[in-house]
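What follows is a set of notes on a single structure, which appears directly below.
The values are calculated or read from the model by the stated rules, or taken from the named source; none is laboratory data. For clarity, every value in this text was computed on a predicted model and none was experimentally measured. Every residue, glycine as well, gets a Cβ built from its backbone with ideal geometry; the counts of neighbours run over all protein chains shown.
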């Protein structure tokens, strides 16, 4: 799973896996079952509220620091993982300039969360 996928799952929660049914033996009569319904649209997730709740009592600056955001979500915040996340999200700058990359990563992660159904305040995306 991608690093951004792990971030998204940690904030949004994992969506339930679809239930697969195995074929019944031929000797047992089949009962007609309704076709699976279309996926239910879930309400948007308030990213700020979820993260603020997780951060209660912790000394982490998740609002501006990608390292603290990843730590808050119990993810590996190593430079190697942040470089991988930067690659996933299309960072074209110098990955050896970690300060610039980290600022870009935080904003990009927040923008991507908003793009994927999260409610993110404008000051966290810009």
Of all the residues that make up the range 85-123, how many are farther than 22 Å from residue 13 by Cα and modelled with pLDDT of 95 or more?
17
When you check residue 96 against the structure, is it outside any helix (DSSP H, G or I) and out of contact with any helix residue (DSSP H, G or I) (no Cβ under 8 Å at 6 or more places or on another chain), yes or no?
yes
So residue 84 clears everything in (1) more than 19 Å from residue 50 (Cβ to Cβ); (2) without any contact (Cβ under 8 Å) to a residue 40 or more places away in the chain except one condition, right? Which one?
(2)
Quick one: what pairs do we get from the range 108-126, first residue exposed (fewer than 15 other Cβ atoms within 10 Å of the Cβ), second not in a helix (DSSP H, G or I), C-beta under 7 Å, 6+ apart or different chains?
117/44; 117/45; 119/44; 119/45; 119/46
Search the range 72-92 for residues being under 14 Å from the mean Cα position of the chain (by Cα) and part of a helix (DSSP H, G or I), and hand back the single one that is surrounded by the most Cβ atoms within 10 Å (Cβ to Cβ).
85
